[in-house]
Each structure stands twice: as C-alpha cells, then as structure tokens.
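S.K.: Before I ask anything, let me first share the structure, which is written out below as structure tokens.
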Amino acid sequence: MSETISGSRGLSIEEPLIFEQDTPGQSGVDLPEGPEPVDDRLGGLRRRNPIGLPGLSEPTVVRHYTRLSQKNFGIDSVFYPLGSCTMKHNPRLGEKMARLAGLADIHPFQPESTVQGALELIDQTAHWLKTLTGMPAVVMSPAAGAHGEFCGLMTIRAALEDRGEKRFRVLVPESAHGTNPASAAACGFTVDPIPATAAGRVDLAALKAKLGGDVAAVMLTNPNTCGLFERDILEIAAAVHAAGGYFYCDGANYNAIVGRVRISDLGIDAMHINLHKTFSTPHGGGGPGAGPTVLSAALAPYAPLPAVVHDDRGFRLVEHAAGSGARPCGRIKGYHGQFGVFVRALSYMMSMGADGLRQAASDAVLNANYLLAELSSDLTPSFAGPCMHEALFDDRFLKDSGVTTLDFAKALIDEGFHPMTMYFPLVVHGALLMEPTETESKDTLDRFIASVRGLARRAKAGDGADFKAAPVHTPRRRLDETTAARTPVLRWRPPEK
Ligand SMILES: Cc1ncc(COP(=O)(O)O)c(C=O)c1O
C-alpha cells in the first residue's frame with residue numbers, strides 16, 4: 001500500500017491510508033484530561049476502551065489531504081473540454097460571497113424577520129432569471145438540471161389534470177440528454193423518441209407526424225446536444241400548441257444564448273436553467289447544483305411551492321397556496337432550494353452584468369467554432385458548422401487505426417488535458433464532444449489543438465498502439481470501463497458476533 005512510484009507530476013502514486021500513518025501518541029490537539037469515564041450512569045454510552053482513531057499530528061493530516069487533492073485531474077488544474085456540460089470555471093468571488101457569515105451561517109428554520117437579506121437574495125436571483133429569459137415565473141427549488149426537468153413536467157401534468165385531459169405521451173428527440181426521458185418517465189409519461197435529420201437537428205416532419213391528442217409535451221434541447229441551434233423552434237412551438245400540448249425546453253445549453261435569445265419569444269412553456277453551466281456555480285460530483293425552472297403564464301399557477309414574495313411586510317416565504325388561486329403541483333424539495341448556489345450565481349450575474357453575460361455567450365460560441373475550424377481537417381466533424389457552444393466530432397477519422405474514441409481520450413490525459421465528452425450524443429458513432437467555454441484563452445486552445453492534432457495524425461499513421469495503455473502518467477492507470485462483470489456487487493452481511 002505504501003510503495004511509492006513517481007508519477008508525471010512528481011507525486012507519490014500510492015498514498016497510505018490515514019490509518020496506515022498512525023503514530024500512537026501523536027495528536028493535532030492537546031486537550032486537558034477529562035473526568036473518569038462514567039459509563040454505568042450513562043447506560044454504557046461512554047467507552048473505556050480506545051476507539052481506534054489513528055495518532056496523527058496536524059501537519060501529517062494536512063499533507064495527507066493536500067497530496068490526495070493534488071491527484072485530482074480537474075478544472076482547477078488543467079483545461080477541461082467537458083465545459084459547462086459538467087461545470088464551468090467557478091469565479092473565486094462567488095466562493096468568497098458564499099462564505100460570508102451572514103449568508104453561510106443562517107438556518108432554514110430561522111424566523112423570516114431574521115433572514116430578510118437571504119430571502120431578498122433568492123428574489124433577486126429569480127428576478128435576473130425572469131428578466132434574462134423574459135418568462136413571467138420561475139421556480140427556484142430544483143436542485144439540478146434533471147430536477148428542473150422533473151419540476152417542469154410536474155407542472156405540465158398538474159395543468160393537464162386541471163384541464164381534465166388524459167395526455168400521456170412526451171416527445172423527446174433521440175439526441176436528448178438521458179435525463180429528459182428519465183424525467184418524463186418519472187412523472188408518469190410515456191416517452192416517444194423523435195428522430196434527428198442528417199443535419200443533426202430534430203426532424204420536423206417526423207415530430208409533426210407524432211403530434212396528437214394524447215401528447216402532453218415536446219421536450220426540445222436548444223442549442224441541442226450536437227451543439228446546433230434548432231432553427232425550427234418557432235414552428236415546433238406552434239405545432240405542439242396547436243395539438244394542445246406544452247412545449248418544454250431543456251435549457252442546459254443556455255450558456256450559448258444567454259443575453260442573445262429571449263426565451264419567452266420562442267413559445268416555450270417551461271425551461272430549466274442549470275446554474276452550474278450558465279452561471280458558474282459548482283456542481284462537483286453531481287451536486288449540489290441548482291436547476292431553476294422558468295414557466296410561461298399558462299403554467300405559472302401550477303408551480304411548486306415555496307416561493308419568495310415581496311410586499312409591504314417585506315420578503316416572505318409562501319408555503320401554502322390557500323386563497324391565492326394557484327394550484328401548485330406540490331413541493332419538490334426540502335426548504336427553499338440550494339441557497340449557497342444562488343449566492344454564487346447572483347454574484348456572477350451582478351459582476352458580469354447583462355452585457356458581460358451576453359459577451360460570455362458569444363465567446364463560448366467563438367471558442368467552440370475555433371476548435372471546430374482548426375480540427376476539422378484532422379478529425380471528422382459530424383455536422384457542417386458553424387456550431388454553437390460545442391464542437392462535435394465522431395470516430396470516422398480513427399477508422400482502421402485500431403484506436404477507439406476511448407483510447408484517444410485516454411491518450412489526451414497524458415498530454416495534460418482532461419478528455420472531452422465521449423460517446424455522447426448517441427446519434428453519431430464514437431462521439432467526441434468538445435466544449436471549451438468562454439473562459440479559455442486562445443493560447444490554451446492552441447495547445448489543446450496541437451495535442452489533439454498530433455494524436456490524430458499518430459493514430460492515422462498506424463502509430464497509436466500505445467494509446468491502449470494510456471494514461472501512463474497519472475496516479476491511477478486506466479480502469480476497465482468495458483467489463484460489467486468487474487463491477488463489484490456490494491452485499492450486506494450481518495455483523496460478525
Ligand atoms: C442537455 C442536458 N440536459 C440535462 C442535463 C442534466 O443536468 P444536471 O446534471 O444538472 O442534472 C445535462 C447535464 O449535463 C445536459 O447536458
């Protein structure tokens with residue numbers, strides 16, 4: 001376990017467990033002796049025997065966790081062309097704001113009068129989202145993009161129930177993120193896929209042919225997961241409305257159009273916004289995130305509670321709809337949403353300003369088009385450009401090379417770059433989806449382009465055999481991502497007597 005081998009960054013590959021670094025008698029604190037244990041009087045709750053914590057000095061603990069953190073390969077250490085798909089760079093200003101005691105040390109059960117500032121902050125964040133999208137209402141509680149989808153579809157279900165209509169089908173493009181069909185199914189709908197055209201966009205004729213009196217909603221992602229703007233969006237909105245359904249937009253890719261496109265002009269009834277993507281908040285390891293969902297006037301009465309309102313009594317949290325005329329679809333999360341994420345998002349919005357957000361969208365699109373243009377001669381772009389915020393390539397350029405998309409991505413790690421999104425979207429073979437975002441400089445993009453080009457040329461020249469072993473310069477080598485049988489099955493065992 002404690003064998004040390006030098007990795008590319010001069011780090012020990014194996015880090016002993018904190019328990020293996022136990023030096024009995026060492027401690028990071030020097031506490032006064034306590035009274036004699038009194039376990040008889042406390043029903044045996046206090047122990048006489050040591051509980052087996054390792055003896056460690058403070059520097060040993062700090063170094064252990066610092067070394068572990070340095071093994072991370074992520075956005076704070078290298079270029080990360082997964083882009084806003086996972087999360088963008090988080091400005092440190094947002095982190096600083098979120099740590100202000102008046103924001104960090106409050107509790108959701110505090111009386112409203114003591115958290116007026118926090119309620120105002122939620123209200124202001126909501127105000128920015130409504131202003132940017134032009135939509136009349138927003139639900140702040142969803143805890144991620146997928147949760148926002150669930151929220152939007154629950155309001156659609158409530159609206160349909162109110163209309164007394166039994167519509168159970170939701171049309172979802174083949175290229176959609178997996179969360180779209182999952183959310184529709186979780187809300188009790190049946191998912192009906194819409195094919196894509198050869199140009200990577202929704203097949204409008206196929207969509208229209210599927211519309212009918214049993215269709216509850218169409219879920220469209222725009223820009224879509226191929227990095228293309230769905231140009232038929234107005235016609236799609238009109239068609240689904242004419243058929244009596246609602247129009248849901250997956251706004252995960254809003255980063256590409258924020259400040260440039262007003263969502264309310266597109267006929268959209270509900271759209272979630274992944275704050276970690278567009279508004280630079282953290283989403284590490286899948287959470288905590290936030291996916292506020294904007295709603296049209298038709299769906300606003302069905303929005304789940306709670307909601308922050310502002311009146312002559314100050315800021316209030318509305319927990320019950322009684323007497324308001326609203327028919328909320330329920331409550332989808334404990335408390336009031338991911339407050340710490342709102343702090344960071346609002347700090348980003350206010351520091352960027354409306355013009356800055358618009359500029360960020362333009363820069364994100366420019367950066368993706370730079371990658372598309374520079375790499376098109378060595379890789380195979382899946383669709384004709386220009387693209388929006390991400391550039392999509394497939395694995396045709398690797399044909400007969402013996403190198404797969406996975407090998408290519410792993411070889412990129414040895415070049416010092418995090419891999420791009422692989423094998424998604426599913427509508428192209430062996431996808432390599434690159435999203436640089438607006439924060440990357442031309443210099444970084446040029447270094448990335450040079451590495452990708454070099455690898456592509458090596459693969460095509462038949463010199464890619466060692467890609468199979470990549471990465472070799474990382475604390476951990478390649479995991480077997482292909483053999484399901486290797487996945488450990490965790491089974492509960494009764495404690496040993
Ligand atoms: C297009 C699209 N829709 C939905 C989601 C789900 O968002 P979240 O990860 O916040 O649940 C993602 C996440 O990557 C996405 O890219």
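The values are calculated or read from the model by the stated rules, or taken from the named source; none is laboratory data. Everything quoted here is computed from the prediction, not taken from an experiment. Counting neighbours? That spans all protein chains shown, and the Cβs are built from the backbone with ideal geometry, glycine included.
S.K.: Does the range 51-60 contain at least one residue that is assigned to a helix (DSSP H, G or I) and touching a residue at least 40 places away in the same chain (Cβ under 8 Å)?
M.R.: no
S.K.: What residue, among those in the range 268-284 that are touching a strand residue (DSSP E or B) at 6+ places or on another chain (Cβ under 8 Å) and within 13 Å of residue 140 (Cβ to Cβ), is nearest to the ligand (Cβ to nearest atom)?
M.R.: Selected residue: 272.
S.K.: Sticking with this structure for a sec: Considering 209, 198, 185, which residue is surrounded by fewer than 16 Cβ atoms within 10 Å (Cβ to Cβ) and within 16 Å of the ligand (Cβ to nearest atom)?
M.R.: 185
S.K.: Considering only residues that are in contact (Cβ under 8 Å) with a residue 60 or more places away in the chain, within 24 Å of residue 386 (Cβ to Cβ) and touching a Leu at 6+ places or on another chain (Cβ under 9 Å), which ones fall in the range 193-216?
M.R.: Across the range 193-216, the qualifying residues are 199, 200.
S.K.: Moving to a separate point now. For the range 285-324, name all the residues that are in contact with a helix residue (DSSP H, G or I) (Cβ under 9 Å, 6 or more places away or on another chain) and within 16 Å of the ligand (Cβ to nearest atom).
M.R.: Within the range 285-324, 288, 289, 290, 291, 292, 293, 294 qualify.
S.K.: Taking the criterion of being under 26 Å from the mean Cα position of the chain (by Cα), within 16 Å of the ligand (Cβ to nearest atom) and assigned by TED's automatic domain parsing to the domain that holds residue 317, would at least one residue in the range 95-116 satisfy it?
M.R.: No, every residue in the range 95-116 fails to be under 26 Å from the mean Cα position of the chain (by Cα), within 16 Å of the ligand (Cβ to nearest atom) and assigned by TED's automatic domain parsing to the domain that holds residue 317.
S.K.: Using beta carbons and a limit of 9 Å, which pairs, at least six apart or on different chains, have the first residue in the range 177-192 and farther than 16 Å from residue 427 by Cβ and assigned by TED's automatic domain parsing to the domain that holds residue 143 and the second one more than 15 Å from the ligand (Cβ to nearest atom) and polar (S, T, N, Q)?
M.R.: 184/190
S.K.: Another question about this same structure. For residues in the range 323-338 being hydrophobic (A, V, I, L, M, F, W, C) and surrounded by fewer than 23 Cβ atoms within 10 Å (Cβ to Cβ), which is farthest from residue 278 (Cα to Cα)?
M.R.: If we take residues in the range 323-338 being hydrophobic (A, V, I, L, M, F, W, C) and surrounded by fewer than 23 Cβ atoms within 10 Å (Cβ to Cβ), then 326 is farthest from residue 278 (Cα to Cα).
S.K.: List every residue pair whose Cβ atoms sit under 6 Å apart, with the two residues 6 or more apart in sequence or on different chains, where the first one lies in the range 309-338 and is β-branched (Val, Ile, Thr) and the second, anywhere, is loosely packed, with under 11 Cβ neighbours inside 10 Å.
M.R.: Short answer, once both residue conditions are applied: none.
S.K.: Is there a residue in the range 273-296 that is surrounded by fewer than 23 Cβ atoms within 10 Å (Cβ to Cβ) and more than 15 Å from the chain's Cα centre (by Cα)?
M.R.: Checked against the condition, which is being surrounded by fewer than 23 Cβ atoms within 10 Å (Cβ to Cβ) and more than 15 Å from the chain's Cα centre (by Cα), the range 273-296 yields at least one hit.
S.K.: Restricting to the range 141-150, and then to whatever is within 26 Å of residue 351 (Cβ to Cβ) and buried (at least 24 other Cβ atoms within 10 Å of the Cβ), can you tell me which residue is farthest from the ligand (Cβ to nearest atom)?
M.R.: Only one residue tops the list, namely 141.
S.K.: Of all residues in the range 401-422, which are crowded, with 20+ Cβ neighbours inside 10 Å and free of Cβ contacts under 8 Å to residues at least 60 places away in the same chain?
M.R.: Selection gives 408, 409, 412.
S.K.: Considering only residues of the range 151-176 that are more than 28 Å from residue 428 (Cβ to Cβ) and within 16 Å of the ligand (Cβ to nearest atom), which is surrounded by the most Cβ atoms within 10 Å (Cβ to Cβ)?
M.R.: Per the stated criteria, the residue is 151.
S.K.: Residue check: is residue 467 surrounded by 22 or more Cβ atoms within 10 Å (Cβ to Cβ) and of a type outside the set (S, T, N, Q)?
M.R.: Answer is yes for this residue.
S.K.: Further, regarding this structure: Outside the structural domain of residue 367 (by TED's automatic domain parsing), under 26 Å from residue 225 (Cα atoms) and either polar (S, T, N, Q) or in contact (Cβ under 8 Å) with a residue 60 or more places away in the chain (or both), is that true of residue 81?
M.R.: Yes, satisfied.
S.K.: Kindly evaluate residue 185 against the criterion of being within 26 Å of residue 353 (Cα to Cα) and of a type outside the set (Lys, Arg).
M.R.: Judged against the criteria, residue 185 is not a match.
S.K.: Another question about this same structure. Out of 230, 235, report the one residue that is at pLDDT 95 or above, among the acidic types (Asp, Glu) and more than 16 Å from the ligand (Cβ to nearest atom).
M.R.: Within the list 230, 235, the selection yields 235.
S.K.: In the range 443-464, which residues are surrounded by fewer than 13 Cβ atoms within 10 Å (Cβ to Cβ) and in a loop (DSSP other than H, G, I, E, B)?
M.R.: Listed by number, the residues that qualify are 461, 462.
S.K.: Would you check if there is a residue in the range 414-426 being of a type in the set (A, V, I, L, M) and more than 21 Å from residue 228 (Cα to Cα)?
M.R.: No, the range 414-426 has no match at all.
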